[in-house]
Amino acid sequence: MLAGSLPKVVMNEPKIEGSNGEYTVEVEVENQGFIPTALLQALLVKMVRQDRITLEFPEGMLPARRGGGRGSSRGGDDEPQEPIDTAKVEILGPEENQPYVEIGRIPGNDKVIVQFKIRLNEIESTECTVTYTSTRGGEISKDIVIGK
């Protein structure tokens with residue numbers, strides 16, 4: 001009885017729409033079990049992490065993040081930061097250049113839909129891995145191609 005109630009998370013095939021370098025990737029994740037992927041109280045007291053949907057691109061496709069650590073003022077590398085070139089892949093939303101979305105939890109017999117807005121610069125297409133991760137819901141990954 002209890003085993004049949006546990007979270008059973010399924011990720012449908014991501015939908016990709018768009019043209020001229022701007023695309024929308026829609027990811028639908030469904031909990032077909034009875035129990036949610038995380039208990040609300042566990043999230044509130046930070047016993048578990050929020051469920052997360054992540055886009056993973058090949059190395060060098062996303063914009064480089066600036067350092068900004070303590071090292072430069074304490075005898076570390078004193079060279080000025082190089083300006084960041086335009087990335088080949090820009091994530092325009094939901095959060096600019098953030099390749100993941102935290103979705104909290106998925107209640108039993110419910111689904112969550114997340115849309116990423118993507119811009120491709122100077123490339124026609126790129127491979128991408130869409131990953132859902134959850135403390136109790138497990139991990140699911142699907143490989144997609146954005147663009148032509």
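Just so you know, all these numbers are worked out from the coordinates, no wet-lab data involved. Just so we're clear, the structure is a prediction, and the values are computed from it rather than from any experiment. No Cβ is skipped: glycine too gets one built from the backbone with ideal geometry, and neighbour counts run over all protein chains shown.
Could you tell me whether the stretch 83-136 comes out rounded, prolate or oblate from its Cα gyration tensor? Rule is a ≥ b ≥ c as square roots of the eigenvalues, rounded for a/c under 1.5, then prolate if a/b exceeds b/c, otherwise oblate. Prolate shape, in that a/c is at least 1.5 and a/b is the bigger ratio. Remark: Ser19, Ser134, Ser141 ranked as Ser19, Ser141, Ser134, counting other beta-carbon atoms within 10 Å and listing the fewest first. The GluC sites (Glu not before Pro) found in the stretch 2-61 that occupy coil by DSSP, while having at most 14 further C-beta atoms within 10 Å, are Glu59.
More than 16 Å apart: what percent of Cα pairs in the stretch 14-65 qualify?
66 percent
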